[in-house]
1. Can you compute the helix-only [θ] at 222 nm over the chain? Use -39500 (n - 2.57) per DSSP H run of at least 4 residues, normalise by all residues, nearest 500 deg cm²/dmol.
2. Using alpha carbons only, how many degrees (0 to 90, rounded to 10) separate the axis of helix 42-56 from the longest principal axis of the chain?
3. Work through the residues other than residue 61 whose Cβ is under 13 Å from its Cβ and net out their charges, Lys, Arg +1 and Asp, Glu -1.
4. With viscosity set to 0.692 mPa s and temperature to 37 °C, compute the Stokes-Einstein D of the chain, Rh being the Kirkwood radius across alpha carbon pairs; µm²/s, no decimals.
5. What net charge is computed for the residues neighbouring residue 41, neighbours being all others with C-beta under 12 Å from the C-beta of residue 41, Lys and Arg scored +1, Asp and Glu -1?
6. At a 1.4 Å probe, what is the % contribution of carbon and sulfur to the accessible area of the chain?
7. With every protein chain kept in place and ligands, DNA and RNA left out, what is the accessible area per residue of the chain? Probe 1.4 Å, answer in Å².
8. Which whole-number percentage describes the relative contact order of the chain, with Cα contacts under 8 Å and a sequence gap of 6 or more?
Amino acid sequence: MLDVADTQTPIFSVYRTEKAIELHAGCEKAVFARLICTQNSYVNAYEFCERLAQQVGLPIQDYTQESSQ
């Protein structure tokens with residue numbers, strides 16, 4: 001099994017909380033949210049967030065550094 005903590009490529013994780021669909025850099029165990037998926041592409045992860053947020057009716061919270069570029 002691949003341990004994402006040992007990879008050199010960027011990892012972006014999508015979490016669902018009660019209030020939002022959240023996009024984070026890295027992959028951490030989270031007690032605050034449910035991990036939905038991980039992606040190695042920011043664009044793919046964000047597009048997934050958009051579709052999921054629309055489907056479940058929640059806003060997106062982008063906590064990555066990519067969002068400020």
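1. Working: 1 runs with 15 residues, N = 69.
Result for the chain, helices only: -7000 deg cm²/dmol.
2. Approximately 30 degrees, to the nearest 10.
3. Here the count lands on -2.
4. Values: Rh = 12.2 Å.
Translational D for this selection: 269 µm²/s.
5. Values: positive: none; negative: 47, 66.
Summing Lys/Arg as +1 and Asp/Glu as -1 gives -2.
6. Working: 2400 of 5050 Å².
Carbon and sulfur together cover 48 percent of it.
7. Details: 5050 Å² over 69 residues.
Dividing the accessible area of the chain by its residue count gives 73 Å².
8. Rounded, it is 35 percent for the chain.
The values are calculated or read from the model by the stated rules, or taken from the named source; none is laboratory data. Model, not experiment: these values are computed from the prediction. For neighbour counting, all protein chains shown are included, and Cβ atoms are generated from backbone atoms with ideal geometry for every residue, glycine included. Heavy atoms of the whole protein, side chains included, go into the accessibility calculation; ligands, DNA and RNA do not. Shrake-Rupley method; radii C 1.70, N 1.55, O 1.52, S 1.80 Å.
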